[in-house]
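Input: a single structure, listed below in structure tokens.
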Amino acid sequence: MKFAGIGELLWDMDVKSGTRHLGGAPGNVAVHCHSHGAESHVISKLGNDPLGNEAEENIREHGVNTEFLQKTDDFPTGVVEIKVGERGIPEYEIKENAAWDHISYSPEINAFAGDLDAVCFGSLAQRHEHSRASIQSFLKATPPSCLKVFDINLRLNYYTEETILQSLELANALKINDEELPIVASISGLRGSDEDVLRSLFEMYSLRLGILTYGPKGAFLMDENDSNFSPAGFAPHIESTVGAGDSYTATTIMDFLNGKSLSEINKHANDVASYVCTKKSATPSLPDELKCR
């Protein structure tokens, strides 16, 4: 499988401990897809600064291809300050005008898009018109068979109704959580139960896969023939929920492309996400028994 994550690549800074971990949903999903056996690429932009150099080395050490990882002298490497509450729920302060706001498009990236099995993108990296244009051009260049996962990832005020609707038109898979679903339902003029809204979105945008996560309660999956709810896996303790959703997304992508049933996919992805919650890093090494087979 050939996978690409396109969008933000940044440092998650833990305010309390002073530690940092490489993050950003597209990069996290790319790392986890690699753990599951994919040829993973990340398309983003870093500052030509110490944090950018460290990020490039870090993502490469995780096995992710950095051929399309850009560097710039004009903008700094992205940083997000994270405060984790008592229950492990993160609060974010996302620094603006970062390098990943200025991802450039090129003939080489356009050609690469035509050879993908799956791509993951979100709304956050589309907050700036430069990266938004590059991301949407990239999606248009992928083949019809490519699984284009819109991991909607609404953060603070960094999205518009127009961006959400454009992204849904370009995607054929949607990953959304229970807090984001009512917002998208309102934008799309939809009412009803969570399942009703997801089914309506599924049909309106000719999706192949719908993913609705409920945090510690579990997740709901939907394809054109079936649906499945699975409770969250067992976590003996929670260090942080940062990256858990990204690990769920990556596992779901890989299992879906490998033809697993929704019930198999959902249980496996929940187990992986629960494991990640027991670690401080968003991209810990997975034990062999949790990797896609």
Subject >> Sole exception among (1) at pLDDT 95 or above; (2) over 30 Å from Pro143 (Cα atoms); (3) in contact with a strand residue (DSSP E or B) (Cβ under 8 Å, 6 or more places away or on another chain); (4) not in a helix (DSSP H, G or I) for Trp11, by number >> reply: (1)
Original post:
Looking at the stretch 213-249, which of its residues are more than 25 Å from His21 (Cα to Cα), of a type outside the set (Lys, Arg) and surrounded by fewer than 23 Cβ atoms within 10 Å (Cβ to Cβ)?
Top reply: Gly218, Phe220, Met222, Asp223, Glu224, Asn225, Asp226, Ser227, Asn228, Phe229, Ser230, Pro231
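From the list Ser44, Ser17, Ser35, which residue is closer than 26 Å to Arg293 by Cβ and hydroxyl-bearing (Ser, Thr, Tyr)? Steps first, please.
Details: Ser44 fails: closer than 26 Å to Arg293 by Cβ; Ser17 fails: closer than 26 Å to Arg293 by Cβ.
Answer to the selection: Ser35.
Here are some residues: Arg199, Arg208. Which one is of a type in the set (Lys, Arg), under 16 Å from Asp178 (Cα atoms) and surrounded by 15 or more Cβ atoms within 10 Å (Cβ to Cβ)?
Numbers: Arg208 fails: under 16 Å from Asp178 (Cα atoms).
Of Arg199, Arg208, the one residue that is of a type in the set (Lys, Arg), under 16 Å from Asp178 (Cα atoms) and surrounded by 15 or more Cβ atoms within 10 Å (Cβ to Cβ) is Arg199.
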**OP:** Working only within the stretch 17-41, note down all residues that are under 23 Å from Glu93 (Cα atoms), within 15 Å of the chain's Cα centre (by Cα) and not in a helix (DSSP H, G or I).
**Re:** Leu22, Gly23, Gly24
**OP:** Give the residues of the stretch 59-114 that are in a loop (DSSP other than H, G, I, E, B), at negative phi, loosely packed, with under 14 Cβ neighbours inside 10 Å and out of contact with any Ser or Thr (no Cβ under 8 Å at 6 or more places or on another chain), sorted by residue number.
**Re:** Glu67, Asp73, Asp74, Gly85, Glu86, Arg87, Glu96, Ser106
Original post:
How many of the residues making up the stretch 256-284 are touching a residue at least 40 places away in the same chain (Cβ under 8 Å) and of a type in the set (D, E, K, R)?
Top reply: 2
Original post:
among the hydroxyl-bearing types (Ser, Thr, Tyr), surrounded by 14 or more Cβ atoms within 10 Å (Cβ to Cβ), within 16 Å of Asp151 (Cβ to Cβ) and free of Cβ contacts under 8 Å to residues at least 40 places away in the same chain, is that true of Ser40?
Top reply: yes
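Please tell me if Leu181 is touching a residue at least 40 places away in the same chain (Cβ under 8 Å) and over 20 Å from Trp100 (Cα atoms).
On the way: touching a residue at least 40 places away in the same chain (Cβ under 8 Å): no; over 20 Å from Trp100 (Cα atoms): yes.
When the stated conditions are applied, Leu181 does not pass them.
In this structure, is Glu239 touching a strand residue (DSSP E or B) at 6+ places or on another chain (Cβ under 9 Å), of a type in the set (Asp, Glu), over 25 Å from Leu170 (Cβ atoms) and touching a residue at least 12 places away in the same chain (Cβ under 8 Å)?
Values: touching a strand residue (DSSP E or B) at 6+ places or on another chain (Cβ under 9 Å): yes; of a type in the set (Asp, Glu): yes; over 25 Å from Leu170 (Cβ atoms): yes; touching a residue at least 12 places away in the same chain (Cβ under 8 Å): yes.
For Glu239, the condition - touching a strand residue (DSSP E or B) at 6+ places or on another chain (Cβ under 9 Å), of a type in the set (Asp, Glu), over 25 Å from Leu170 (Cβ atoms) and touching a residue at least 12 places away in the same chain (Cβ under 8 Å) - is met.
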Subject >> Residue that is farthest from Lys175 (Cα to Cα) [pool: residues in the stretch 216-236 that are of a type in the set (A, V, I, L, M, F, W, C) and in contact with a Phe, Trp or Tyr (Cβ under 7 Å, 6 or more places away or on another chain)] >> reply: Phe229
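Scan the stretch 133-159 residue by residue and report those that are over 19 Å from Leu198 (Cα atoms) and either of a type in the set (Phe, Trp, Tyr) or modelled with pLDDT under 95 (or both).
Of the residues in the stretch 133-159, the ones over 19 Å from Leu198 (Cα atoms) are 133-146, 155-159.
Within the stretch 133-159, Phe138, Arg155, Leu156, Asn157, Tyr158, Tyr159 qualify.
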Subject >> Identity of the residue in the stretch 171-193, farther than 16 Å from Tyr158 by Cα and charged (D, E, K, R), that ends up surrounded by the most Cβ atoms within 10 Å (Cβ to Cβ) >> reply: Lys175
**OP:** Scan the stretch 73-110 for residues that are touching a residue at least 24 places away in the same chain (Cβ under 8 Å) and of a type in the set (Gly, Ala, Ser) and jot them down.
**Re:** Gly78, Gly88, Ala98, Ala99, Ser104
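The values are calculated or read from the model by the stated rules, or taken from the named source; none is laboratory data. Because the structure is predicted, anything quoted here is derived from the model rather than measured. As a convention, Cβ positions derive from the backbone with ideal geometry for all residues, glycine included, and neighbour counts pool all protein chains shown.
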